[in-house]
Amino acid sequence: MTALTGVAGGAVAFGVAEIVHGLYPLVPSLPVAVSQRVIELTPGSLATEAVGTVGKAATPILLVMVVAATLAVAGVLAVLSRRSPLAALAGVGLLGAIGLVAAFSQPAISVPVTAVTVAGALIFGVTVTRSLLTRAELSEGGGVQEPAEGQSGEMQGQMEGVRRRDSGPGNEVSVGRRGFLALSGGTVALGLAAIGLGRLLSGGSSAASTETASLSSASGGSTTGGAASLDKLPPPPASASIETPGMPKLITPADDFYLIDTAVSSPRIDRDRWTLNISGDEVSNPIELSYDELTSFPQLEADITMSCVSNDVGGGLVSHGRWTGVRLADVLAEAGIRQGEIGKASEQLIGRSVDGWEGGFKTNIAFDGREALVAFGLNGDELPAKHGYPVRLVVPGLYGYVSATKWLSEIELKPWDYDVYWIKRGWAKKGPVKTQSRIDTVSKDDELQAGTIPIGGVAWAPTRGIERVEVSTDGGESWNDARLATQLDVDAWRQYVYEWDAKPGEHTIKVRATDGEGETQTEDEAAPIPSGATGYHTVKVTVA
Ligand SMILES: Nc1nc2c(c(=O)[nH]1)N[C@H]1C(S)=C(S)[C@@H](COP(=O)(O)O)O[C@H]1N2
Ligand SMILES: [Mo]
């Protein structure tokens, strides 16, 4: 019962803080801030397991665990408070300190308002717990005070006086207890409801952040007075798509684009206050660009298939975007960084996010001819919040964990021996995308009808392109050339289909792709860690 008073106080404190966060974004959400720290401080394999492979997206479970653990501690503190109120208060102070430290490591926060919020929430919570505790003592018939014998008559008198008002003859005490339980339970519910309200107000973890404005109306012409040119791509030719059930769309709609990051919720960034810093020990002209300055470089659209190193063979952590952005090389040139003049201290380009996450790759890659972008648009719209609004990096041919920094705020040139987030956690230093292919039109254990069955899907080898895709329907003993859709771009995945004349029986279907350099993907099976999964996607089906 006593513990419940602490849980109630804790829930109210969380609720108060969360509502303030909902109303005033510069106060971070405490559960989110703490969860974020937990993720950051959990090294290596543990993070990989708990957060999922390479930064598996927002984990509501972790949020719930953080809240539950804090409430449990609050319960223990309430019990402790009966023996040693000071120790309990110290405990509350410690909880507050943890919340503050976590909050201060969040991007975009107002320090004074956050401090006042945390203090206010704690006072609220402690007050609620104390008043509930007082009632608990009453409803338990004052049974708490062991030292009652030695208490002064005056004190006893007070207690009796109060108690008399509360309890009468018969089962009054148990009614009091029930009433107390209802009151505390109600308070817990109120606190949790307040947390919910706060999350609603702030747009929740990710659900409400899907609205995006069209790029043409949001940037370019309107903000820069038409100065920025945009080199748009023509719509993909019909021949680039193969219409068959189960085939993924050639350009992945933003809502379906795979999602991977370590952020518990997407940072909310005010584009008008956002800046991109470019620096480094050897950078001759460090600069800070506003959004308008960034978008005044020549703009282009580029078709780039992006994938995650932790994608399993046949997995879904790969998508194709038509990105709008400016050339990374142009932006670097503005800071005085030029091809052929990249020294040891600038060998690695670090993309840093507002939340501190970093990716890093060889600076040369920005200049080797591929369309590495500082991107601000996806499929004609501005970037969705969860995909990096307002600005991110997109580099063809590199897995996301080394290159595709979302919520980009800094580019820093560093020596190669500097290790970024996932490198410290055991993933490969370089992350070139391996040639891969996937079967989409049939899946494991499908029961199919004999006749013509289209075996189709996508193959990708960004920067190299796909030259050939073969399908085997006998477990790899013989191979058939698939029909290929037109290659949209060497950086884009390419659709294929093989019209299979299926006979009854059990069949093992495999696919393999050959890249534009004539290299066929390896059959050797490897797990995603450390440098990306390999092997042929294999699907067993039954034909009746
Ligand atoms: N700020 C930030 N950027 C990030 C990450 C991250 O955790 N934080 N994850 C990277 C990884 S591992 C991948 S695969 C891609 C995924 O981008 P997407 O979620 O838009 O598909 O983003 C990269 N950029
Ligand atoms: Mo990734």
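The values are calculated or read from the model by the stated rules, or taken from the named source; none is laboratory data. From a predicted model like this one, the values you see are computed outputs, not experimental measurements. Every residue, glycine as well, gets a Cβ built from its backbone with ideal geometry; the counts of neighbours run over all protein chains shown.
Numerical summary
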{"item": "Sole exception among (1) more than 30 Å from residue 442 (Cβ to Cβ); (2) surrounded by fewer than 20 Cβ atoms within 10 Å (Cβ to Cβ) for residue 295, by number", "result": "(2)"}
{"item": "Residue within the range 325-341 that is within 16 Å of ligand 1 (Cβ to nearest atom) and buried (at least 22 other Cβ atoms within 10 Å of the Cβ) present", "result": "yes"}
{"item": "Residue match in the range 511-528 (condition: over 30 Å from residue 426 (Cα atoms) and under 34 Å from the mean Cα position of the chain (by Cα))", "result": "yes"}
{"item": "From the options 304, 260, 287, residue that is away from ligand 2 (no atom under 16 Å from the Cβ) and either among the aliphatic types (A, V, I, L, M) or within 30 Å of residue 498 (Cβ to Cβ) (or both)", "result": "287"}
{"item": "The range 377-393, subset of a type outside the set (Lys, Arg) and near ligand 1 (Cβ under 9 Å from one of its atoms), residue nearest to residue 277 (Cα to Cα)", "result": "393"}
{"item": "Breaking point among (1) in a helix (DSSP H, G or I); (2) touching a strand residue (DSSP E or B) at 6+ places or on another chain (Cβ under 7 Å), for residue 289", "result": "(1)"}
{"item": "Matching option when the condition is modelled with pLDDT of 85 or more, part of a helix (DSSP H, G or I), in contact with a helix residue (DSSP H, G or I) (Cβ under 7 Å, 6 or more places away or on another chain) and not polar (S, T, N, Q), among 78, 90, 68, 72", "result": "78"}
{"item": "One residue from 406, 434 being touching a strand residue (DSSP E or B) at 6+ places or on another chain (Cβ under 9 Å) and buried (at least 22 other Cβ atoms within 10 Å of the Cβ)", "result": "406"}
{"item": "Single unsatisfied condition, residue 270 versus (1) away from ligand 1 (no atom under 16 Å from the Cβ); (2) within 20 Å of the chain's Cα centre (by Cα); (3) crowded, with 23+ Cβ neighbours inside 10 Å", "result": "(3)"}
{"item": "Filtered residue count, the range 411-431, keeping only those that are more than 14 Å from ligand 1 (Cβ to nearest atom) and surrounded by fewer than 22 Cβ atoms within 10 Å (Cβ to Cβ)", "result": "9"}
{"item": "Of all residues in the range 355-366 being surrounded by fewer than 19 Cβ atoms within 10 Å (Cβ to Cβ) and not small (Gly, Ala, Ser), the one that is nearest to ligand 2 (Cβ to nearest atom)", "result": "362"}
{"item": "Enumeration of residues in the range 100-117 that are among the β-branched types (Val, Ile, Thr) and under 16 Å from residue 25 (Cβ atoms)", "result": "109, 111, 113, 114, 116, 117"}
{"item": "The range 314-371, residues that are among the aromatic types (Phe, Trp, Tyr) and closer than 22 Å to residue 302 by Cα", "result": "323, 361, 367"}
{"item": "Pairs, first within 17 Å of residue 492 (Cα to Cα) in the range 309-324, second aromatic (Phe, Trp, Tyr) and away from ligand 2 (no atom under 12 Å from the Cβ), C-beta under 7 Å, six or more apart", "result": "318/460; 319/257; 320/493; 321/257; 324/376"}
{"item": "Total residues in the range 239-257, condition in a loop (DSSP other than H, G, I, E, B) and under 18 Å from residue 302 (Cα atoms)", "result": "7"}
{"item": "Enumeration of residues in the range 307-329 that are within 16 Å of ligand 2 (Cβ to nearest atom) and assigned to a loop (DSSP other than H, G, I, E, B)", "result": "308, 309, 310, 311, 312, 313, 315, 316, 317"}
{"item": "Residue count for the range 446-471, restricted to those that are touching a residue at least 60 places away in the same chain (Cβ under 8 Å), over 16 Å from residue 306 (Cβ atoms) and not in a loop (DSSP other than H, G, I, E, B)", "result": "6"}
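Per-residue answers, yes or no, for (1) buried (at least 20 other Cβ atoms within 10 Å of the Cβ); (2) at pLDDT 95 or above; (3) under 29 Å from residue 410 (Cβ atoms); (4) polar (S, T, N, Q):
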{"position": "194", "(1), (2), (3), (4)": "yes, no, no, no"}
{"position": "216", "(1), (2), (3), (4)": "no, no, yes, yes"}
{"position": "222", "(1), (2), (3), (4)": "no, no, yes, yes"}
{"position": "229", "(1), (2), (3), (4)": "no, no, yes, yes"}
{"position": "244", "(1), (2), (3), (4)": "no, yes, no, yes"}
{"position": "252", "(1), (2), (3), (4)": "yes, yes, yes, yes"}
{"position": "262", "(1), (2), (3), (4)": "yes, no, yes, yes"}
{"position": "280", "(1), (2), (3), (4)": "yes, yes, yes, no"}
